[in-house]
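The values are calculated or read from the model by the stated rules, or taken from the named source; none is laboratory data. Worth saying up front: this structure is predicted, and the values here are computed from it rather than measured. Note that each Cβ is placed from the backbone with ideal geometry, even for glycine, and that neighbours are counted across all protein chains shown. Ligands, DNA and RNA are stripped out before the accessible areas are found, and what is left, the full protein with its side chains, is counted by its heavy atoms. Shrake-Rupley method; radii C 1.70, N 1.55, O 1.52, S 1.80 Å.
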Amino acid sequence: MWWRLKRLIIRFFPFLVVAINLTIWVCAYLLDKFTNLPEEVVWLPFAFIQGLVGFTFGVLVKRLHKGVYQDELTGLKNRRYFFSKLKEEIERVNRTKSPVSLVLIDVDDFKLVNDRYGHTEGDKVLISLAKILKQHSRTIDTPARWGGEEFAIILPETTKNGAMVFAERLRGTVEQYKFSCKITISVGVATSNSHVGINDFTMMADKALYQAKEQKNTIVAYEPRKPENTLKVMVG
């Protein structure tokens, strides 16, 4: 797949740069040694070429990195980046015991949007929703496209109450937003300030989201201490 090729290029980029630079300087050396051209005529063009190659590779790597970790449709981080960032945040929680919250979002009855208005209109809904998530997120937050019509946001240094306030603000904004058709979201929230695994943490948020989707236009917060229960907040 293309993303694998991108990752491969990024992984071996230092070796590629060294090989190209070495080739440039070997060519310059041979030209200097076996011709009667003045030194500045030989070395200055090659120095310019080396700088140009370095700049080009810098831009290329930046674009490749962006492509590997960015969702093409919405411009948000993709699932791959999301899990990498979530791992970092969970490791920080395990060290500092400071809270982190995870918010999972699902567009209610999104299949009906595609069926009635077409996939192009459905894509517009997802793009607009992504903009809303960006606008409401802090610089330390990580909004990402979880997959399909589902989104996720990592909220560092955020308690359950803070995450619920954030989720309600999102829910209300989406409900009032002027999409081409009526759109609402269901939201699952999970919070932890102690040792927790990535799979367990995402499962907690996913279970909360599952219950929220049963009601629609609803927020559900998962209670880690009581796995058999969740706290429902009915809105809308």
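When the criteria are applied in full, D32 fails the requirement of being within 30 Å of V174 (Cα to Cα) and either at pLDDT 70 or above or open to solvent by less than 70 Å² (accessible area, probe 1.4 Å) (or both). Name the residue that is farthest from the chain's Cα centre (by Cα), counting only residues in the stretch 99-114 that are over 17 Å from M164 (Cα atoms) and not basic (K, R). It comes out as L112. Screening S98 with (1) at pLDDT 90 or above; (2) among the small types (G, A, S); (3) farther than 23 Å from A208 by Cβ gives one miss only, at (3).
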